[in-house]
1. Quick one: Thr83 ticks every box in (1) modelled with pLDDT of 95 or more; (2) surrounded by 15 or more Cβ atoms within 10 Å (Cβ to Cβ) except a single one, so which number is it?
2. Among helices (runs of 4 or more DSSP H) lying entirely in segment 259-352, which contain 1 or more residues that are of a type outside the set (S, T, N, Q), touching a Leu at 6+ places or on another chain (Cβ under 8 Å) and surrounded by fewer than 23 Cβ atoms within 10 Å (Cβ to Cβ)?
3. Just checking, does segment 53-60 include any residue being assigned to a strand (DSSP E or B) and open to solvent by 40 Å² or more (accessible area, probe 1.4 Å)?
4. Pairs please, first residue from segment 274-296 and among the basic types (Lys, Arg), second anywhere and modelled with pLDDT of 95 or more, Cβ atoms under 7 Å, 6+ apart in sequence or on different chains.
5. Determine whether segment 184-197 contains at least one residue that is more than 26 Å from Ala4 (Cβ to Cβ), of a type in the set (Asp, Glu), open to solvent by less than 30 Å² (accessible area, probe 1.4 Å) and not in a helix (DSSP H, G or I).
6. For segment 249-258, what are the residues that are in a loop (DSSP other than H, G, I, E, B) and open to solvent by less than 10 Å² (accessible area, probe 1.4 Å)?
7. Among the numbered conditions (1) farther than 28 Å from Arg204 by Cβ; (2) open to solvent by less than 70 Å² (accessible area, probe 1.4 Å), tell me where Ala16 comes up short.
8. Failed condition for Gly68, given (1) closer than 23 Å to Gly258 by Cα; (2) surrounded by 20 or more Cβ atoms within 10 Å (Cβ to Cβ), with all others met?
Amino acid sequence: MLLADFDFDLPERLIATRPVRPRPAARMLVAEGPRTRHAHVRDLPGLLRRGDRLVLNTTRVIPARLRGTRTRPGATGAEVEITLAQALPDGRWRALAKPLRRLRPGDRIVFGDGALTAAVDARDAEAATLAFDADAATLEAALARLGAMPLPPYIAARRAPDARDTDDYQSVFARHPGAVAAPTASLHFDDDLLAALAAAGIDRTEVTLHVGAGTFLPVKTDDIAAHRMHAETGILSAAAAAEINATRAAGGRIIAVGTTALRLIETAAAPDGTLSAWTGETDIFITPGYRFRVTDGLLTNFHLPRSTLLMLVSALMGRARILALYAEAIAREYRFFSYGDASLLIPDGGAP
């Protein structure tokens with residue numbers, strides 16, 4: 001399939017730069033097989049079945065955006081903006097940089113008052129590899145003091161991060177630091193909604209996939225089969241696997257909250273959909289024609305044109321169906337992208 005097959009026109013006014021409050025007040029387009037209806041996220045307890053299971057991503061966004069000064073012997077300092085993108089196994093970080101061309105191996109970057117510095121070990125066409133002069137705990141504390149929330153480019157281009165984003169861009173069940181972008185479907189939940197879901201007999205399982213900044217990188221190949229996904233680190237515990245297996249055995253549906261949770265469980269699943277404990281990196285690229293092993297439905301936001309996430313939801317629902325749903329969402333002025341509204345996608349239409 002071609003990249004152009006996943007394009008659509010979106011009025012700029014529909015790009016949300018702030019979330020609605022309270023969180024579950026976000027609108028929700030519900031697509032169950034061929035049927036479409038309009039609701040709000042707060043209606044989830046009545047839209048799902050008793051015995052269904054939500055899969056939640058508990059990753060926590062770190063304040064990964066830093067401003068620093070590049071230093072180099074014999075040269076004047078140059079300001080750079082760094083966004084940490086991926087933690088490497090040896091403790092270094094892949095990082096996006098603006099402007100990337102100002103960096104070369106051997107440079108040092110000084111952040112804030114100089115309490116945090118990093119050496120540039122390598123640079124390629126997309127990112128730099130940084131080695132911080134700090135252990136993990138010291139780096140985490142420095143990021144809390146010096147860093148800003150790494151808002152997506154389509155928000156950051158319209159306004160700077162502020163104190164509200166510290167709360168808004170974090171889910172209420174975020175526990176495990178490591179993401180540099182939020183699993184945004186999770187942002188629609190609050191404690192009251194979680195309690196209402198539990199009271200309705202809808203179970204939940206927690207998994208962790210640390211979302212990388214690569215989620216915002218555009219697809220650059222005309223033939224989507226030539227695209228290579230970025231890798232992200234995930235953890236599925238034995239207990240979580242057992243919960244999902246038990247729900248499937250009992251006839252309940254597995255509803256992923258967000259494309260990150262979906263990508264993790266699909267990576268970890270055996271061909272028959274059975275799960276066991278799994279830890280590692282996933283670069284799974286889900287496009288139309290993919291056979292879903294364990295996922296029965298997906299709660300997700302509305303995605304960018306020509307993006308891998310639009311391809312994923314097209315794989316779940318069918319490309320023509322998704323493009324029709326997006327056209328309806330635009331006509332009804334749903335709010336798009338990370339701080340926008342939601343969609344509940346159930347391909348077989350098996351709602352009560």
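1. Every condition holds for Thr83 apart from (1).
2. Values: elements: 259-268, 308-317, 319-331.
The qualifying helices (runs of 4 or more DSSP H) are 308-317, 319-331.
3. yes
4. Here the result reads Arg293/Glu266; Arg293/Ala269; Arg293/Pro271; Arg293/Gly273, each pair linking segment 274-296 to a residue that is modelled with pLDDT of 95 or more.
5. Residues of segment 184-197 that are more than 26 Å from Ala4 (Cβ to Cβ), as a first pass: 185-197.
Subset that is of a type in the set (Asp, Glu): 190-192.
Now restrict to residues that are open to solvent by less than 30 Å² (accessible area, probe 1.4 Å): none.
No, segment 184-197 contains no residue that is more than 26 Å from Ala4 (Cβ to Cβ), of a type in the set (Asp, Glu), open to solvent by less than 30 Å² (accessible area, probe 1.4 Å) and not in a helix (DSSP H, G or I).
6. Residues of segment 249-258 that are in a loop (DSSP other than H, G, I, E, B), as a first pass: 250-253, 258.
Passing the criteria: only Gly258.
7. For Ala16, the failing item is (1).
8. So Gly68 meets the others, but not (1).
The values are calculated or read from the model by the stated rules, or taken from the named source; none is laboratory data. Please read all numbers here as calculations on a predicted model, not as lab measurements. Positions of Cβ are backbone-derived with ideal geometry, glycine not excepted, and every protein chain shown enters the neighbour counts. Accessible surface is based on the protein model in full, side chains and every heavy atom, while ligands, DNA and RNA are left aside. Shrake-Rupley method; radii C 1.70, N 1.55, O 1.52, S 1.80 Å.
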